[in-house]
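Here is the structure we will look at.
The numbers here are math on the coordinates, done by the rules we state, and not lab data. Everything numeric here is computed off the predicted structure, so don't read it as measured data. Neighbour counts run over all protein chains shown; Cβ positions are idealised from the backbone, glycine included.
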Amino acid sequence: MVLAAGGGRRYGGPKALVRHEDGRLLVERAVANLRDGGCTRIWVVLGAEAGRVRDEAVLGDAELVENPVWKSGMGSSLRVGLAALAETDAVAAAVLLVDTPGIGADAVRRLLDAAPGGPSALLTATYKGKRGHPVILGRDHWSGVSTLATADVGARAYLVAHADQVQGVPCEDIADDTDLDVPPEE
């Protein structure tokens, strides 16, 4: 699942529509990284400029779902995405933020390879011991994550509350989880 609903207030516009140095939109890059990393079904949560993203992005067979309250923060996008997935037979979700272009397919693959493969999975990539993305949330955790996901917190509160169940997977050797908050200086 790609969380791509934000308005990018500090960036100057929705980051889903930002072109990466490889020429692809960030949302296209995130979808490709999940797919190339081994995810078989991709969901993208849209919000700000959802119509433009639908018109401009080439996302293949990714399922698009809109967060009508995207302005309330990433937590609402995670809730909307997990609610959509709950209507499927998915047992786990790999979650990636649209504004982390330094996280590629290798990091997604590493987490999927480390996941126990069932609804109890709870993994995060780690970068020098600090939790980051991608995150894998097994179906058993979706309700609890949704309950605690507020504002821009996402799954963080749930992961902290269930730290003894979270499996950290070191990824600093293959990825950079720096998010794009502001445009690069020219």
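Structural remarks
- Magnitude of the charge dipole, the chain, Cβ model with Lys/Arg +1 and Asp/Glu -1, debye to 20: 400 debye
- Taking 7 Å steps out from each Cα toward its Cβ at Glu63 and Gln167 produces label points 2.4 nm apart.
- Lys128-Glu21 pseudo-label distance in nm [points 7 Å out on the Cα-to-Cβ vector]: 2.0 nm
- Full extension of the segment from Ala83 to Thr150, taken as 0.36 nm per residue of separation minus the current Cα-Cα distance, would add 22.7 nm.
- Taking Cα centre as origin and charging only the Cβ of basic (Lys, Arg, +1) and acidic (Asp, Glu, -1) residues, the dipole magnitude of region 18-107 rounds to 200 debye.
- Within the chain, helix-based [θ] at 222 nm, where runs of 4 or more DSSP H residues each add -39,500 (n - 2.57), nearest 500: -9000 deg cm²/dmol
- Annotation: lysines with alpha-carbon distance below 19 angstrom to Lys15 (same-chain offsets under eight excluded): Lys71.
- Distance between modelled label sites at Val160 and Ser120, nm, 7 Å Cα→Cβ extension: 2.6 nm
- Candidates Pro134, Pro101, Pro119, ranked by Gaussian network fluctuation over the chain, Cα under 10 Å, top entry: Pro119
- Considering only alpha-carbon pairs that sit under 8 angstrom and 6 or more positions apart, the relative contact order computed for the chain is 24 percent.
- Other residues whose C-beta falls under 13 angstrom from the C-beta of Val145 contribute a net charge of +2, scoring Lys and Arg +1 and Asp and Glu -1.
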